[in-house]
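Comments concern the structure below.
The values are calculated or read from the model by the stated rules, or taken from the named source; none is laboratory data. Small disclaimer: the values here were computed from a predicted structure and weren't measured. When we count neighbours, we look across all protein chains shown, and the Cβ atoms used for this are built from the backbone with ideal geometry, even at glycine.
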Amino acid sequence: MMRSARAAVAAVVLFVGCAPTAEPRGLLGRLWRLEVGPQYRRPPVETPDDFRGRIGPADAASFADLPWWQVFGDPTLQDLVRGALAGNYDLQSAVARIEEARAQVGVAASDLYPHVGYQGSAERQKIFFTPTFPSTTFNTFQGVLNVAWEIDVWGRIRRATEAARAQFLATEEARRGVVVTLVSDVGTNYFTLLELDRELAIALDSAETYRRTLDVFTRRYVGGTDTKISTSRAEANLQSSIATVAILERQITQQEDAISVLLGANPGPVDRGMPLVHQATPVTPPGLTTDLLRRRPDIRQAEQNMINANAEIGVAVANFFPTIGLSTMYGNAGSKIGNVFKNGASVWNIAANVSGPLFQGGRLIESYRAQQAFWDETIARYRATIVEAFREVADALAAEAGLAKQRRAQEAQVVALQEAVRLSLLRYETGLSNYIEVLDALQLLYPAENALAQTQRDQLIAVVNLYKALGGGWAPPAKEVAAR
């Protein structure tokens, strides 16, 4: 009897242990492959035939497919991006969330396999019979091995695993989104820093010019050839330039601190590479509109959220059906702890169980409706993400085109004002005009140079924004990675 019981327990353990790795055939096989709930199908979306504001003819190639170290040609900027990817704490947090989501997939899938456990107990009890019979004390020690397995007939566990896997992939896409944002933030902050450097150089030049002007007017005032109005005006211009220098130095320090935080470092100075005026804007073909759906991490993340919601519907449907399981237990018991595995009595059982809901006050149907509504919500979010993506690309293309025209006009303006300053100085030196004419020309030149520097910065940032809007910066081609 004991031998047959042990054989039966071993057979059940072997069956439940091997079942998840091979699909049964026949009727049981069809039940094994059954998964209630809808199969995922990507909902249709409307995509434009071309990007609004595209510059140049349509081309399948996109500069967003290039790795960031080919888009940004400044070696110093490349080093900063590498430092940010290695040290940024937001990115490290995103990586940790991926590992967490990966583990949750294993947690969900673990229910597909038999759960094996053990149990031990030690009891002492005393039984009182009648006054004529003495009381009796019992000691019971028991050790058992148990196995339980839920047969996933309706696919509830597989749907839950599918949902967890989609959540894991969505988390991975979120990490890629952090990478895209981080690369673009480093580029934006770096170009802003270079622009502030350029404005500081202009402010220092203007301060030196106004200091020389004040010296000229002071000498003329002392010599009686000019009025106090001229010296006061020169003094005001000088102090304004000194204040501007102080403001820009503070902004530069704060900008360096912001870049340091992106690198995961304490605030400190930041290296510069090529100055703003030497930074080149790359050719930026946006590529095909359909490629945007595969390239942008937020769109890919939104789709994984839809897959997750669809799988959760399957879980909600499976909850209406009974849960079918097998369990077995084998062990020994004895009156002494040393006899449990020697001379103890065998304890075993084999059981199949079925349990299911009959009435739960509407909880199951409302849970299903909630999951169905969440599915509809993820579809709306997916489509909204796509629409927003095309808007960001269109805005970046419009900025790129508009800023190019604006820069050409401002460059011509600066050239004209520089010529005006040169001519006014020539007239002053030949005695044809007073120095006020020179000051008027300088007061027009310096703001124009600042405006040009800001436009040059905005052009570079527009390239960064377009690169980000197209989803570039996280998935370089394998050959480029090898070359790097």
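Before we move on, is A201 closer than 23 Å to P447 by Cα, without any contact (Cβ under 8 Å) to a residue 12 or more places away in the chain and surrounded by 15 or more Cβ atoms within 10 Å (Cβ to Cβ)?
yes
Being of a type outside the set (A, V, I, L, M) and free of Cβ contacts under 8 Å to residues at least 12 places away in the same chain: is that true of R381 here?
Here the answer is no, as R381 does not meet what is asked.
From (1) within 22 Å of R82 (Cβ to Cβ); (2) touching a residue at least 12 places away in the same chain (Cβ under 8 Å), pick out the condition that doesn't hold for S260.
For S260, the failing item is (2).
Pairs under 9 Å by beta carbon, first residue under 11 Å from A333 (Cβ atoms) in region 117-128, partner among the hydroxyl-bearing types (S, T, Y), six or more apart or different chains?
Between residues of region 117-128 that are under 11 Å from A333 (Cβ atoms) and residues that are among the hydroxyl-bearing types (S, T, Y), the close pairs are S121/T140; A122/T140; E123/T140.
May I ask you to list the residues in region 96-124 that are over 30 Å from L145 (Cβ atoms) and surrounded by 14 or more Cβ atoms within 10 Å (Cβ to Cβ)?
Residues satisfying the conditions are R97, I98, A101, R102.
Hand me the list of helices (runs of 4 or more DSSP H) wholly inside region 1-101 holding 2 or more residues that are modelled with pLDDT under 85 and more than 26 Å from E173 (Cβ to Cβ).
Passing ranges, in order: 2-18, 26-32.
Could you tell me which residue of region 417-459 is surrounded by the fewest Cβ atoms within 10 Å (Cβ to Cβ), considering only residues that are more than 50 Å from the chain's Cα centre (by Cα) and of a type in the set (S, T, N, Q)?
T430
Just to be sure I understand the filter: pairs with C-beta atoms under 7 Å, separated by 6 or more residues or on different chains, first member in region 279-296 and without any contact (Cβ under 8 Å) to a residue 24 or more places away in the chain, second member of a type in the set (D, E) and crowded, with 21+ Cβ neighbours inside 10 Å. Which pairs pass?
none
Scan region 189-223 for residues that are charged (D, E, K, R) and either at pLDDT below 95 or touching a Leu at 6+ places or on another chain (Cβ under 6 Å) (or both) and jot them down.
Hits for region 189-223 are E195, R198, E199, D205, E208, R211, R212, D215, R219, R220.
How many residues does region 214-233 contain that are closer than 11 Å to Y435 by Cβ and among the basic types (K, R)?
Residues in region 214-233 being closer than 11 Å to Y435 by Cβ and among the basic types (K, R): 2 in total.
Checking the structure you have, find out if any residue of region 130-137 is out of contact with any Cys (no Cβ under 8 Å at 6 or more places or on another chain), assigned to a strand (DSSP E or B) and more than 30 Å from G471 (Cα to Cα).
Checking region 130-137: at least one residue is out of contact with any Cys (no Cβ under 8 Å at 6 or more places or on another chain), assigned to a strand (DSSP E or B) and more than 30 Å from G471 (Cα to Cα).
If a residue has to be touching a helix residue (DSSP H, G or I) at 6+ places or on another chain (Cβ under 9 Å), aliphatic (A, V, I, L, M) and more than 24 Å from A280 (Cβ to Cβ) to count, how many in region 180-235 make the cut?
The total comes to 6.
Just name the residue that is surrounded by the most Cβ atoms within 10 Å (Cβ to Cβ) out of those in region 250-308 that are among the polar types (S, T, N, Q) and out of contact with any helix residue (DSSP H, G or I) (no Cβ under 8 Å at 6 or more places or on another chain).
S260
So that you can scan it fast, the table gives a plain yes or no per residue for (1) modelled with pLDDT of 90 or more; (2) not polar (S, T, N, Q):
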residue	(1), (2)
V393	yes, yes
A398	yes, yes
R407	yes, yes
A420	yes, yes
L425	no, yes
N450	yes, no
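Given the criteria aliphatic (A, V, I, L, M), in a strand (DSSP E or B) and surrounded by 19 or more Cβ atoms within 10 Å (Cβ to Cβ), does V147 qualify?
In short, yes.
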